[in-house]
Amino acid sequence: MAAELLSLLPSLFKGGLGIFQSILGGMNKPQRPVYQVPDSVRQGTNIAETLASGSMPGKASIQGEIDKNAGTAINSLQETMGGSPNLTSAVANILAKNNEAKTALGVQEANYKVGAQQNLIGQKNLEGQYEDKAFGYNQDSKYK
């Protein structure tokens, strides 16, 4: 019986050593780094979304200036021309210029919106490239 126990001793030792090594190996196993999309890319996308969803910055104040200038010009004309028959055509001229300025502002805003949308598309494409890279490194490469 003692001889049988002695013959089992190397097997028990190897088994115990194997268990010990697997426990130690699991504890000391370095964690695989994780790739993340850079914060600057995400922030750029957030800014591009904000700019694309809003109106042209300063549009309201520019429109207010256009209206204020037209009002000031009409008041000036009324004071200088009084009841002159030419007053009506002068006011119509001022209002026509006012409308032209507002139309030009509308064109500027439309161009701004197109540019902001194109910027957003470019930013989304850039973020998508980083997300593909992150997926390839974090998920796909584990199985290759």
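The values are calculated or read from the model by the stated rules, or taken from the named source; none is laboratory data. Being a predicted model, the structure only gives us computed values, none of them experimental. Note: ideal-geometry Cβ built from the backbone for every residue, glycine included; neighbour counts use all protein chains shown. Heavy atoms of the whole protein, side chains included, go into the accessibility calculation; ligands, DNA and RNA do not. Shrake-Rupley method; radii C 1.70, N 1.55, O 1.52, S 1.80 Å.
Express the C-alpha Rg of segment 85-144 as a ratio against the empirical globular expectation 2.2 N^0.38 Å, rounded to two decimals.
Ratio of Rg to 2.2 N^0.38 Å for segment 85-144: 2.46.
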All lysines inside 22 Å of residue 59 as judged from Cα atoms, apart from same-chain residues fewer than 8 positions distant
68, 97, 102, 113
Whole-percent carbon and sulfur contribution to the accessible surface of the chain (1.4 Å, no ligands, DNA or RNA) stands at 60
Solvent-accessible area per residue for the chain (1.4 angstrom probe, square angstrom)
75
Which part of segment 105-144 falls in the paramagnetic zone of residue 32, meaning amide N under 12 Å from the point 7 Å along Cα-to-beta-carbon?
135-144
With a Förster radius of 22 Å, plug the Cβ-Cβ distance of residue 139 and residue 39 into 1/(1 + (r/R0)^6) and report the FRET value to the nearest 0.05.
0.60
List the residues, sorted by chain then number, that are 5 or more residues from residue 35 or on another chain and whose placed amide H is less than 5 Å from its amide H.
138
Using the Kirkwood formula over every pair of different C-alpha atoms, what hydrodynamic radius in Å results for the chain?
22.9
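Once the Cβ-Cβ distance between residue 67 and residue 88 is put in as r, and R0 is 22 Å, what FRET efficiency do you end up with, to the nearest 0.05?
0.65
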In the chain, whole DSSP H helices that both stretch 27 Å or further along their axis by alpha carbon positions and average at least 0.5 on the Kyte-Doolittle scale are 2-28
